[in-house]
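Below is one structure, written out as structure tokens; the observations come after it.
The values are calculated or read from the model by the stated rules, or taken from the named source; none is laboratory data. Just so we're clear, the structure is a prediction, and the values are computed from it rather than from any experiment. FYI the Cβ positions are ideal-geometry reconstructions off the backbone, even for glycines, and counts take in every protein chain you see. In case anyone asks, the SASA skips ligands and DNA or RNA and just uses the protein heavy atoms, side chains included. Shrake-Rupley method; radii C 1.70, N 1.55, O 1.52, S 1.80 Å.
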Amino acid sequence: MQFSKKFTAALLAAITTVGLLTGCGKDPASGKEDGKPIHLKVGYSNGVCQAGLFAAKEKGFFKEEGLDVEMVQIDPAHASDAIAAGQVDVLQGLASKMIQPISNGLPVKVVAGIHTGCTYLLVKKEAPYQTIGDLKGKKIGVAGLADAGTIIAKRALAKAGVQVSDKNLEVQFTVFGRNDLPMVLDQGQVDAIAVGDPVASIAMEKYGYRALIDTAKTAPFDQEYCCVAMVTSKLAKANPKAAEKATRAILKGASWVQAHPEEAAKLELDKKYVAGNLALNTSLLKKYHFIPSVKGGYDAIKANAEELAAIGLLKEGTEGKKFADDAFLFFKDMPDSL
């Protein structure tokens with residue numbers, strides 16, 4: 001009987017180590033599967049700001065870490081579904097957009113901040129609004145009620161004293177297709193739009209819109225990482241070494257983008273990860289701060305959680321630091337940046 005218990009315990013340990021994810025190896029200490037590169041699925045969307053992921057793949061940083069990655073395109077509006085369904089192991093997402101899904105149990109761990117600044121709140125050039133508080137009682141067009149632009153707008157409005165809780169909403173958020181937002185503002189259907197790049201930058205150039213909020217320039221958002229790297233909870237548990245290696249590769253990729261923005265923009269276009277043109281995409285990558293930071297990612301999660309809890313968008317009693325401690329995964333030997 002004693003031998004049977006030992007055997008059962010050993011068998012369960014072996015099963016846990018092997019894991020349920022494709023690519024979770026049999027040797028978590030080395031992060032390798034029978035001495036072969038670990039296969040991981042990296043989720044991405046066709047956004048210019050995902051350049052760090054593309055660089056990690058195309059410049060060989062994943063490979064250097066002993067990882068064989070499969071790039072899986074996902075709809076950013078359904079990233080949570082892709083995570084829950086096990087379709088991806090690693091991905092990049094908007095911190096502000098991930099807070100509520102994580103609060104509701106989304107099985108993912110944040111591992112680093114990637115870059116700052118890619119979301120805007122735009123108004124017409126001739127509009128009378130000079131501050132975010134001027135939008136009290138107005139209509140704001142958004143791509144979704146839980147979209148990153150909506151969350152940024154709510155945080156900024158709350159700072160300006162405008163009520164944005166579900167019980168007391170002093171602005172009206174109206175949902176349109178993301179690519180239609182510039183047009184509905186031009187037609188006067190809304191007073192402002194909350195939208196990210198490249199739609200925002202194209203709209204400013206085409207219609208002459210101005211930004212009440214530009215998260216690359218407007219305090220305090222300019223100091224906050226808008227996009228973060230994440231690994232699924234399954235990968236973090238089954239093969240933490242592989243999760244660490246993927247994180248390190250992404251940090252390297254983001255740092256490379258910061259040093260080579262035009263080459264990174266060309267890489268994205270040549271490999272057909274994104275659309276657009278070289279001049280625009282290069283200007284966007286130069287505008288963002290691709291200076292990745294582990295602590296910066298943690299701080300972004302903490303700040304978002306604190307503010308969303310304060311305005312009633314998270315469960316009552318949610319404490320920012322505890323939320324970030326639970327949502328974030330630190331690796332013992334990982335430097336803050338690479």
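Computed with a 1.4 Å probe over protein heavy atoms only, the accessible area of D270 comes to about 90 Å². Counting only whole DSSP H helices of the chain, the ones at least 24 Å long by C-alpha along their axis and with mean Kyte-Doolittle hydropathy no lower than 0.5 are 2-18. Net charge in the neighbourhood of R210 (other residues with Cβ under 15 Å of its Cβ; Lys, Arg +1, Asp, Glu -1) is -2. Sorting the segments 290-303, 78-91 by their residues' average number of neighbouring beta-carbon atoms within 10 angstrom, most packed first, yields 290-303, 78-91. Size descriptors for segment 198-338: radius of gyration and Dmax over Cα atoms are 17.5, 50 Å. Pairs spanning more than 19 Å between alpha-carbon atoms, out of K245/K332; K57/K272; K234/K302; K36/K241; K138/K167; K41/K241: K234/K302.
Net charge of the neighbourhood of D326, taken over other residues with C-beta under 12 Å away and scored Lys/Arg +1, Asp/Glu -1, is +2.
With contributions of -39500 (n - 2.57) from each DSSP H run of at least four residues, the per-residue ellipticity at 222 nm computed over the chain stands at -12500 deg cm²/dmol.
Taking a straight line from the alpha carbon of K59, these aspartates and glutamates sit under 19 Å away, with near neighbours fewer than eight places off in the same chain left out: D68, E70, E244, E262, E263, E268, D270. Note on the chain: antiparallel DSSP beta bridges, both residues inside, total approximately 60 percent of the bridges counted. Local charge for A249 was computed over the other residues whose Cβ lies under 9 Å away, with Lys and Arg +1 and Asp and Glu -1, and equals +3. Taking T174, T247, T131 and ordering them by how much accessible surface each has at a 1.4 Å probe, largest first, produces T131, T174, T247.
For the chain, what value does the Rg/Rh ratio take when both radii are computed over Cα atoms and Rh is the Kirkwood radius, given to two decimals? Rg/Rh for the chain comes to 1.01.
If you sort R248, R178 by accessible surface, 1.4 Å probe, largest first, the order is R178, R248. Normalised by the number of residues in the chain, the mean separation of alpha-carbon contacts (under 8 Å, six or more apart) gives a relative contact order of 27 percent.
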